[in-house]
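Only the coordinates and a few stated rules stand behind these numbers; no lab work does. Please read all numbers here as calculations on a predicted model, not as lab measurements. Every residue, glycine as well, gets a Cβ built from its backbone with ideal geometry; the counts of neighbours run over all protein chains shown.
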Amino acid sequence: MRQLPRAGLAGLAILTLAGVAACSPPTKEPATSSTGGGAAAATSAKDAGGMDALVAAAKKEGELNVIALPPDWANYGEIIKAFGDKYGIKVNSAQPDASSADEITAAKNLKGQSKAPDVFDLGGAVASANTAMFAPYKVSTWDTVPDKLKDANGLWTNDYGGYMSIGYDATKVPAPTTIEDLLKPAYKGKVALNGDPTKAGAAFSGVVMAALGAGGSADDISKGVEFFGKLKAAGNFLPVDPTPATIESGQTPVVIDWDYLNVAQGAKLKGKLDWKTVVPKNAVVGSYYVQAINKEAPHPAAARLWQEFLYSDDGQNLWLKGGARPVRADAMNQAGTIDKAAFAALPKAEGEPVFLTEDQSTKAKDYLTANWAKTVG
């Protein structure tokens, strides 16, 4: 599972922007800017000669290298298959359980080789620290991606994400609607957080969610730490890192994690467990992952075609099918091109979503480092 490595603080997906991979000799010469109709220099499909020319160039390359994309993460298994089937391009998926930081390390170690990653799927913190490695590219649907969720020059674009949530076994606990509900006796020894918030991004955002629900803010998460201190004092906090196995066995009947991961667990356990997901009222913490093209991509046309696919209606709906919230959801909903059933199935969220800025995230991490252990242990 990619959940914990993928959620590491090194790969924390914040809004602002807004070893690994052993070095082996290349099996063939990597593509250059003269390959694929000058695709390596193209900043849009138009620059590549239009979509038909981009597709032809990508098919000529015949392969795409992706990394850190587990098939059960946000429906990536189906997304990869759909892309390969549509264009007849072989997708080489390396290190599916790697972290965002591992992706960058692999690209550096394999630079100039045919096995190097063509594209990245990164948390915001890692992306913002490595923009010099990205090739600018604006997909055909660029105008329908909110301005605050993309780099103005096309170096990176937010793609899919979700909201922090509470997943729970409806046969063992009552349905929570607020963070404060978890302090009730019905949740004694049952509430797990996905990881250590000083190290894991999902747990970090869980503390932010608790802060909002307890009257704090993105600028001051102290109430979130205080909340977990109260949760521990009440005997409700369960110091176990949740996994699919602990959920299925009943060891972790309540899990604070991203909604798309909790929703995915419910889908997997249908018929075995009544696993439901709720986004607490007025405690909506959002986060997106980032797509970018490796400027040293050995398959530059395929890399750009992959981006076009991901941001097409088909690609966005495939993420939605996996329980993730696609970045173009609002525009597609207005245009009537969204998968209405999948969109309606997303956990409902009340209140304006909060996305931490880089400064807020840094301040929150510093506070957690200084106070989590002594408050929660």
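Key figures for this structure:
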| quantity | calculated |
| --- | --- |
| For segment 49-109 and segment 178-201, distance of Cα centres in Å | 36 |
| Sum of side-chain charges, S140 neighbourhood, beta-carbon under 10 Å (Lys, Arg +1; Asp, Glu -1) | 0 |
| Mean Cβ neighbour count within 10 Å, used as a protection proxy, ranking 204-210, 327-333, 267-273, 114-120 highest first | 204-210, 114-120, 327-333, 267-273 |
| Helix-only CD estimate at 222 nm, as mean residue ellipticity for the chain, using -39500 (n - 2.57) per DSSP H run (n ≥ 4) | -10500 deg cm²/dmol |
| Shape of segment 211-272, Cα gyration tensor, a/c cut at 1.5 | oblate |
| Rough spin-label spacing in nm, given labels placed 7 Å along Cα→Cβ, for K59 and N153 | 3.4 |
| Spatial separation of Cα centroids for segment 302-377 and segment 264-298, in angstrom | 7 |
| Whole-Å semi-axes of segment 33-171's equivalent ellipsoid (Cα gyration tensor) | 26, 19, 17 |
| Sum of side-chain charges, P242 neighbourhood, beta-carbon under 13 Å (Lys, Arg +1; Asp, Glu -1) | -4 |
| Mean projection area, nm², convex hull over Cα of the chain | 17.7 |
| Highest average packing first - 67-77, 348-358, 316-326, Cβ atoms within 10 Å | 316-326, 67-77, 348-358 |
| Cross-link pairs K188/K268; K138/K295; K60/K115; K150/K295 - those with Cα-Cα distance over 19 Å | K188/K268 |
| Potential lengthening between K340 and D220 on full extension [0.36 nm per residue; Cα-Cα distance subtracted] | 39.5 nm |
